[in-house]
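Reviewing the structure listed below.
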Amino acid sequence: MQSSIYAAETSVTAQSYDYYSECMSTGSNDGRISTHRRNADNGWIEDTGQRLEQAHDGRITSLSYSHPSYGTLLASSSTDRTVKVWEMRQNVPRNQRMIAKFTESKTPISALSFCSPSALQLLCISTDGFMRIYQATIPADPTTWSCLHTIHVTSAQMHSTLNSSTPSTPTHTISVCPDKEYSGLVGVVAGCTNAVDIISYSTTNRPGITHQLDCLTQQPLCSVAWSPGCQRGYWNVAAGARDGLVRIFKLSLSHSDDGSAPVFTSHLVAELEHGGVVASLSWNLFGTVLTSSGDNAKASVWKASYTGLWSCHSTYSISE
């Protein structure tokens, strides 16, 4: 198995797989986007026809592939304060083309993500705490988009339990609920906060905070990942903090018989020792395996036993 690939001449700052994990795109410090494809030997070969030399005028901060039902769309964000949507095509002249560009943000974009397959929507959050939700007017022809909602999420997320004596860089990141039946749910970490805000929205209702996952830590959060539900009746939501711990919450949505609005309930099921600032979290397809990575140059894989006890399944060291 190929352990590493040469993706850029400068530091790699963003990475994303397509839906089938047969294509991987990386963004770099110089604004370039490179794309690699899996070959028959399970290795990776760069697709030079899909190389974007000057995709942005600044560092690439985030990449996200759309669901394949909408074609092969790649969204990118950058410190140049723009979000761009690219159509990545194979076996045609000029394999890629920019089909949309969003310039509403006044500060760098820190994270973005396509939403669940129920609609062609794109969410992004900038370093000033504004989250914007875009939707394609005609999903079959995603060249025209509109901004559905804009919400400022930082102001509601300052918690007095944080250790104010240790200065920290604010984190702005998002993780959307991947289930098609529950589109319009997103977990947000914005600012120096120790809680994950669960925000719900629709095309007709403005976004609003419907629930909070309080991690009860004196160090701010820096990553969040929302697992697929897979018809279990609940989701696992993981939050990584600067104290080196990964916290896993079981989040469920209760429906009442009297027709009132559904209510979220949650409880902490695990605190896992990663060993360093947890900068990235990722769930597998079934929401049963969690991978954490951070500044300790290690990636840890976590699994739960049949009794629900989470433990480290394996650890990989990242070396030069």
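Restricting attention to the range 12-49, the residues being closer than 22 Å to residue 280 by Cα and in a loop (DSSP other than H, G, I, E, B) number 9. If the condition is being in contact (Cβ under 8 Å) with a residue 60 or more places away in the chain and farther than 21 Å from residue 122 by Cβ, then the range 180-215 contributes only 191. Whether any residue in the range 122-134 is free of Cβ contacts under 8 Å to residues at least 40 places away in the same chain, more than 14 Å from residue 207 (Cβ to Cβ), of a type outside the set (S, T, N, Q) and outside any loop (DSSP other than H, G, I, E, B) is what I want to check. No - not one qualifying residue is present in the range 122-134. Set side by side, the residues 166, 173, 79 differ, and just one is in the same structural domain as residue 217 (by TED's automatic domain parsing) and either at pLDDT 95 or above or under 20 Å from residue 225 (Cα atoms) (or both), which is 173. Starting from residues that are in a loop (DSSP other than H, G, I, E, B) and in contact with a strand residue (DSSP E or B) (Cβ under 9 Å, 6 or more places away or on another chain), keep the ones in the range 244-267 and report whichever is nearest to residue 177 (Cα to Cα). Selected residue: 262. Report whether or not residue 296 is more than 19 Å from residue 111 (Cβ to Cβ), in the same structural domain as residue 198 (by TED's automatic domain parsing) and within 16 Å of the chain's Cα centre (by Cα). Spelling it out, it is not the case that residue 296 is more than 19 Å from residue 111 (Cβ to Cβ), in the same structural domain as residue 198 (by TED's automatic domain parsing) and within 16 Å of the chain's Cα centre (by Cα).
Determine whether residue 238 is within 24 Å of residue 289 (Cβ to Cβ) and assigned by TED's automatic domain parsing to the domain that holds residue 300. Spell out the reasoning first.
Details: within 24 Å of residue 289 (Cβ to Cβ): yes; assigned by TED's automatic domain parsing to the domain that holds residue 300: yes.
It is true that residue 238 is within 24 Å of residue 289 (Cβ to Cβ) and assigned by TED's automatic domain parsing to the domain that holds residue 300.
As a summary of the residue check, residue 87 satisfies the conditions (1) under 19 Å from the mean Cα position of the chain (by Cα); (2) under 21 Å from residue 121 (Cβ atoms); (3) part of a strand (DSSP E or B) except for the one numbered (1).
The values are calculated or read from the model by the stated rules, or taken from the named source; none is laboratory data. All of these numbers come straight from a predicted model, not from anything done at the bench. Methodologically, a virtual Cβ is constructed for each residue, glycine included, from the backbone with ideal geometry; neighbour enumeration extends over all protein chains shown.
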